[in-house]
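*Asks:* Take this structure first; my questions come after.
The values are calculated or read from the model by the stated rules, or taken from the named source; none is laboratory data. No experiment lies behind these values; they were computed from the predicted model shown. Note that each Cβ is placed from the backbone with ideal geometry, even for glycine, and that neighbours are counted across all protein chains shown. Side chains included, ligands, DNA and RNA excluded: accessible areas come from the protein's heavy atoms. Shrake-Rupley method; radii C 1.70, N 1.55, O 1.52, S 1.80 Å.
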Amino acid sequence: MTDPTRPASTTVVVMGVSGSGKTTVATQAAERLGWKYSEGDDFHPPANVEKMRAGHPLDDEDRWPWLSDIATWIGDREKLREDVVITCSALKRAYREVLRDGHPSVVFCQLVVPAEVLEERMAHRRGHYMPASLLHSQLETLQDLQPDERGFQVRVEGGEEKVLADVLRHLEPYLA
């Protein structure tokens with residue numbers, strides 16, 4: 001028998017700072033689960049991308065419309081009862097509240113990576129508009145997922161297969 005208190009679908013928001021592995025984990029999880037995947041960076045308006053490319057961190061005013069667009073996408077997927085995985089830095093609790101407000105399907109998966117590993121990854125990253133120089137501002141902005149928020153944290157260590165297995169194990173209680 002189906003639990004009537006459970007959402008009709010599940011939306012996994014893979015969150016964390018730049019370089020934490022959001023895209024890698026999200027695409028692998030979506031593939032393993034057979035779910036749709038979307039890249040949260042694709043929702044940024046051109047002005048945000050140019051600002052970051054120029055080495056300037058986004059502020060709240062830059063982020064609100066971006067978060068609103070992602071929240072709308074989540075709502076559209078819920079209406080279709082689609083299980084999905086999307087990436088979004090979701091650095092502050094207030095940002096996560098925008099994504100979660102009115103969307104019971106949302107569960108957050110925060111990727112936790114030591115700063116020195118992030119710095120190394122960002123130093124060797126190519127083909128992304130987010131420069132390594134902005135990592136510090138993201139780390140300063142980050143508010144870790146709290147126990148009263150719907151979701152879980154996964155330490156990114158031990159290789160991609162281990163991380164994916166940890167994500168899928170933590171996700172089991174949230175599956176619709």
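*Asks:* Which of the strands (runs of 3 or more DSSP E) found entirely inside segment 1-88 contain at least 2 residues meeting this: touching a helix residue (DSSP H, G or I) at 6+ places or on another chain (Cβ under 8 Å) and open to solvent by 50 Å² or more (accessible area, probe 1.4 Å)? Lay out the reasoning, then the answer.
*Replies:* Values: elements: 11-15, 36-38, 84-87.
Here the list reads 36-38.
*Asks:* Of these, THR23, THR72, which one is hydroxyl-bearing (Ser, Thr, Tyr) and touching a strand residue (DSSP E or B) at 6+ places or on another chain (Cβ under 8 Å)?
*Replies:* THR23 is the lone residue from the list that is hydroxyl-bearing (Ser, Thr, Tyr) and touching a strand residue (DSSP E or B) at 6+ places or on another chain (Cβ under 8 Å).
*Asks:* Separate question: Pairs please, first residue from segment 1-12 and under 15 Å from VAL107 (Cβ atoms), second anywhere and modelled with pLDDT under 65, Cβ atoms under 8 Å, 6+ apart in sequence or on different chains.
*Replies:* Once the first residue is under 15 Å from VAL107 (Cβ atoms) and sits in segment 1-12, its partners that are modelled with pLDDT under 65 give ARG6/ALA176; PRO7/ALA176; ALA8/ALA176; SER9/ALA176; THR10/ALA176.
*Asks:* Another one. Please count how many residues of segment 23-45 are under 14 Å from the mean Cα position of the chain (by Cα), within 23 Å of GLU172 (Cβ to Cβ) and at pLDDT 95 or above.
*Replies:* Of all residues in segment 23-45, those under 14 Å from the mean Cα position of the chain (by Cα) come to 23-30, 37-44.
Adding the requirement that they be within 23 Å of GLU172 (Cβ to Cβ) leaves 23-30, 37-38.
When the remaining residues are screened for being at pLDDT 95 or above, the result is 25-30, 37-38.
Result for segment 23-45: 8.
*Asks:* Just one of the numbered conditions (1) farther than 18 Å from VAL14 by Cα; (2) of a type outside the set (Phe, Trp, Tyr); (3) in a loop (DSSP other than H, G, I, E, B); (4) at pLDDT 90 or above is not true of HIS103; which one?
*Replies:* (1)
*Asks:* Of the conditions (1) open to solvent by 70 Å² or more (accessible area, probe 1.4 Å); (2) in a helix (DSSP H, G or I); (3) among the basic types (Lys, Arg); (4) at pLDDT 95 or above, ARG96 clears all except one; give me its number.
*Replies:* Every listed condition holds for ARG96 apart from (1).
*Asks:* Could you run through segment 151-160 and say how many residues are out of contact with any His (no Cβ under 8 Å at 6 or more places or on another chain) and either open to solvent by 60 Å² or more (accessible area, probe 1.4 Å) or among the aromatic types (Phe, Trp, Tyr) (or both)?
*Replies:* Summing the residues that are out of contact with any His (no Cβ under 8 Å at 6 or more places or on another chain) and either open to solvent by 60 Å² or more (accessible area, probe 1.4 Å) or among the aromatic types (Phe, Trp, Tyr) (or both) in segment 151-160 gives 5.
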